[in-house]
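Data block below; observations after.
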């Protein structure tokens, strides 16, 4: 793009590398920052730098945090006898937004995938088992993604945790709110039928 | 969001301020940067800082540039006898992408809007007239947006430039490519009829 100044082309290119941001959005964002105040642009740039400098993993649950433990683990009002197991730190946000969960979390940082050489050792599974040793945890909720690899891992976790006498549950499968039966896929509709609930 | 670390909440908030980026996209971008390399995040932050530090206005056409004049004005291979008048620097990019224009530009930096107290003096109109004085410019193409304020300004520009003996044209009005007659608005279809072209 030799018709735009290099600093503009460069920022468009950087924005364009981000997920969900195409060339048009990247242009729009760049020109937005150009038009707006220096303060707004600086605040964004600094927030990016601070994020990468400050964020590490919680020593208990491996969620992202800027302290030794994360805000959820630090919260004494939460129910520490329930652990919700997720694949990635970003999975915690949507669960919190439901306002239906008051327990704590454990982040595995991936899913078992033999094809990619990711076994249980590569994930925070040993650390999860360590947290279950003292008998204070009564339920583990497996909140992994509904796909083949994660399903297999969920089964594996269930098989190693259940013998400890701890209740193991998983997120319900069924029709998402707003779905239309006519367009539902076979697997989802099949699971909705199998797991049909009383009114 | 007291359940996420402050640096994460802060960057989500900053991304969320940008146009076209809602809360979900802001989360996605933040976690993307968190997962990826420090280098990627730093490159983005630095590109933002450099943009704001380096970019000023071209002394000839008022396009954004990091030099005294912009890459278009500097380009000796372009036809400097044609000036395309646009409202904002960001309007140049889509025009360049068409590869149908080889002239230079003039950026007005806004549109006349009496309701908002923006008169001709607030825009780079005097500077445009100054560029037309030496007789080297033979055509001015008005490429303002197709809306009421900009139309009024386009008429105004035509009225003051035409007496200088310079050809004044504007972007064609008509049906956009891919449009369906059935859903076209009255004004667009009316203009497409009025401006009908020979095959």
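Where a number appears in this text, it was derived from the coordinates with a stated rule and is not lab data. Note that the structure is predicted; figures quoted are calculated from it, not measured. Neighbour counts are summed over all protein chains in view; Cβ atoms, including those assigned to glycine, are modelled from backbone coordinates with ideal geometry.
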Against the rule of thumb 2.2 N^0.38 Å, how large the Cα Rg of segment B:105-199 comes out: 1.27
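Find the percent of Cα-Cα distances in segment B:17-119 that exceed 21 Å, and round it to a whole number.
Considering segment B:17-119, 55 percent of its Cα-Cα pairs are separated by more than 21 Å.
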Neighbouring partner chain Cβ atoms per residue of A:36-47, average, 10 Å criterion: 6
Segment B:87-199: relative contact order in percent, alpha carbon pairs under 8 Å with at least 6 residues between: 19
Point-to-point label distance, residue A:198-residue A:59, nm (Cα→Cβ direction, 7 Å offset): 4.7
With Cα atoms, 0 to 90° folded angle of helix B:23-35 axis to chain B main axis: 60
Closest approach to the axis - chain B beta-carbon, rotation onto A, Å: B:45, 2
Exercise: per-residue mean of other protein chain Cβ atoms within 10 Å, B:25-31: 5
For residue B:182, inter-copy label distances in nm, listed shortest first [label point 7 Å out on the Cα-Cβ vector]: 1.7
Euclidean distance between Cα centres, segment B:63-101 to segment B:161-196, Å: 23
Among A:95, A:157, A:60, residue whose mean-square fluctuation peaks in a GNM of chain A (springs only between Cα atoms under 10 Å): A:95
Other protein chain Cβ atoms within 10 Å, averaged over every residue that makes up A:150-156: 0
Chain A, relative contact order [Cα under 8 Å, separation at least 6], %: 13
Antiparallel content of DSSP bridges confined to segment A:64-198, in %, to 5: 5
Kirkwood Rh, Cα atoms: Rg over Rh of chain A: 1.07
Gaussian network model of chain A, Cα within-10 Å springs - most flexible of A:77, A:122, A:14: A:14
Inter-copy spacing of residue A:166 label points, which lie 7 Å from Cα along Cα→Cβ, given in nm from shortest upward: 7.6
Exam field: residue B:147 pseudo-label spacings to other copies (7 Å along Cα-Cβ), nanometres: 4.1
